[in-house]
Amino acid sequence: MKPTRFVMLGGFLGAGKTTTIARLARAYQERGLRVGIVTNDQAADLVDTHMLRSQGFEVGEVAGACFCCNFNELTDVAAKLGQEQRPDVIVAEPVGSCTDLVATVVQPLIQLHANSFEVAPYGVILKPSHGRRILKNEPNAGFSPKAAYIFRKQLEEADFIVLNRIDQLTSQEIDDLQELLRESYPDVPTLRMSARTGDGFEGLVEMLDQQGEFGRRILELDYDTYAAGEAELGWLNANLGVLAEQPFSLDDLLLDIINRLRTAFIQRNAEAAHLKAIGLWDGSHGVANLISNDLPAELSLPAECETTQADLVVNARVALDPQLLAEEVQHAVEGAAQTASASITWRQTQSFRPGRPVPTHRLTAR
């Protein structure tokens, strides 16, 4: 039996991994290939999982730890996706605060599961808003040096780097970023792309289609610095219901929540790594997000509907104490609901700092 092609795309929180993966999965389906997607998070209730499933994709989720620390669940979830009909391709999205994925995911798949999986080149998507500041060594890069260390290490282990969101950059900004990448990672190929518009997307598909020996850039990594960098981010996943007597715009509600949170984070001088909210009801779904305090909130996937009720999931990754993060999310959601003349039912909220990474395997390239 032919092994399933395993495609993993890394990148920092807010880099555009989910949008890229959705476009990539559709491209594979248009070729007539069966596609499965595996998402990953430190806790359950991931906006990305809800969003991808709402678009009709078959999605498995590895929750509670990153792929590297929960490797056996990754392979189990991938196998379950193929219970009825084995996928030709599995596209995996790791946690955006993780690195060392070549040694802890790619090489274990190559060395221990070669009969089941054929591993594609490992690509890392660059987030321009934070990437520009971190690569320039600016003193106010939005995160501490320890968190920036993770960002740099993600790029260092890539087989190729994707400079994403070029639709939001000027030609000069794109050239400057590519030059920064050349200076820091001279041996790593770089692609320019907009996952949102599809500009440059064919180059990504061609790169992932390549055959050969990939995933050989094993990091020299200080796990103490890595763990400290992850722990500086407050992590929140919340699930709630919204109910109103009169119809409200689901898109307006989502944007109001994200804008309120952006204002609160700016006031607290707490940098947002990524913030997402999805609203779902009766076949409709909308997503609003924020990838940096410097940029406005955006409606990345409009629902274009009015409703009297909806299910909401909020994910926040912010350089802020988890308890304070939970309080700010509660205030923002309840304030936005009041504006919409709606009431809120909180179902579940998890707020914490990620624990120290403890990989299941860590293998060097043979």
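No lab work stands behind these numbers, since they all come straight from the coordinates. As the structure is a computational prediction, the values presented were derived from the model and not from experiment. Cβ: placed from backbone, ideal geometry, glycine included. Neighbour counts: every protein chain shown.
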Legend entry - From phi via Karplus (6.51, -1.76, 1.60), per-residue ³J(HN,Hα) for the stretch 338-352 in Hz, x at Gly/Pro: 4, 4, 8, 6, 10, 10, 10, 10, 7, 9, 7, 9, 10, 9, 6
Inset, instruction - Please give the calculated 222 nm ellipticity per residue for the chain, where each DSSP H segment of at least 4 residues contributes -39500 (n - 2.57) and the sum is spread over every residue; nearest 500 deg cm²/dmol? - result: -10500 deg cm²/dmol
Inset, instruction - Give the long-range amide H neighbours of GLU58: residues separated by 5 or more places, or on another chain, with amide H under 5 Å away, using H modelled in the peptide plane at 1.01 Å from N. - result: ILE37
Legend entry - Exceeding the 31 Å Cα-Cα cut-off - candidates LYS2/LYS276; LYS2/LYS146; LYS17/LYS80: LYS2/LYS276; LYS2/LYS146
Inset, instruction - With viscosity set to 1.567 mPa s and temperature to 4 °C, compute the Stokes-Einstein D of the stretch 142-216, Rh being the Kirkwood radius across alpha carbon pairs; µm²/s, no decimals. - result: 95 µm²/s
Legend entry - Order of LEU233, LEU301, LEU320 - criterion: other Cβ atoms within 10 Å of each residue's Cβ, fewest first: LEU301, LEU320, LEU233
Inset, instruction - Loop only per DSSP, at most 13 neighbouring Cβ atoms within 10 Å: give me the GluC sites (Glu not before Pro) in the stretch 286-366, ordered by residue number. - result: GLU304
Legend entry - DSSP-defined antiparallel bridges as percent of all bridges, the chain, nearest 5: 60 percent
Legend entry - For q = 0.09, 0.19, 0.22, 0.23 Å⁻¹, Debye-computed log10 I/I(0) when each Cα of the stretch 233-352 counts as one equal scatterer: -0.20, -0.93, -1.23, -1.33
Legend entry - Rounded tilt (10° steps) of 250-268 against the dominant C-alpha axis of the chain: 80 degrees
Legend entry - Per-residue Cβ neighbour rank within 10 angstrom, fewest leading, TYR226, TYR28: TYR28, TYR226
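Quick check on the exposure proxy: order MET8, MET193 from fewest to most C-beta atoms within 10 angstrom.
Working: MET8 28, MET193 24.
Arranged by neighbour count, lowest to highest, MET8, MET193 become MET193, MET8.
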Inset, instruction - May I ask for the net charge around PHE67, where only other residues with Cβ less than 10 Å from the Cβ of PHE67 are counted and Lys, Arg are +1 while Asp, Glu are -1? - result: -2
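Placing unit charges on C-beta atoms (Lys and Arg positive, Asp and Glu negative, everything else neutral), compute the dipole magnitude of the stretch 4-230 about its Cα centre in debye, rounded to 20. Please report the intermediate quantities before stating the final value.
On the way: 22 positive and 33 negative charges, 66 e Å.
For the stretch 4-230, the charge dipole is close to 320 debye.
Of the GluC sites (Glu not before Pro) in the stretch 62-123, which ones lie in a loop per DSSP and count no more than 15 other C-beta atoms within 10 Å?
Numbers: sites: GLU73, GLU84, GLU118; in loops: GLU84.
Of the GluC sites (Glu not before Pro), the ones in loops of the stretch 62-123 whose Cβ has at most 15 other Cβ atoms within 10 Å are GLU84.
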Legend entry - Lys/Arg +1, Asp/Glu -1 at C-beta; the stretch 194-234 dipole; positive extreme among ILE218, MET207, GLY229: MET207
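When the Kirkwood radius is taken over all Cα pairs of the stretch 78-178, what Stokes-Einstein diffusion coefficient follows at 25 °C and 0.890 mPa s, in µm²/s? Intermediate results must be reported in sequence, preceding the final value.
Values: Rh = 15.8 Å.
Stokes-Einstein gives a translational diffusion coefficient of 156 µm²/s.
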Inset, instruction - With no solvent and one equal point scatterer placed on each C-alpha of the chain, evaluate the Debye formula and give log10 I(q)/I(0) for q = 0.07, 0.12 Å⁻¹, two decimals. - result: -0.28, -0.87
Inset, instruction - Can you spot the aspartates and glutamates whose alpha carbon is less than 16 Å from LYS153's alpha carbon? Ignore those fewer than 8 places along the same chain. - result: ASP100, GLU183, ASP187, GLU220, ASP222, ASP224, GLU230
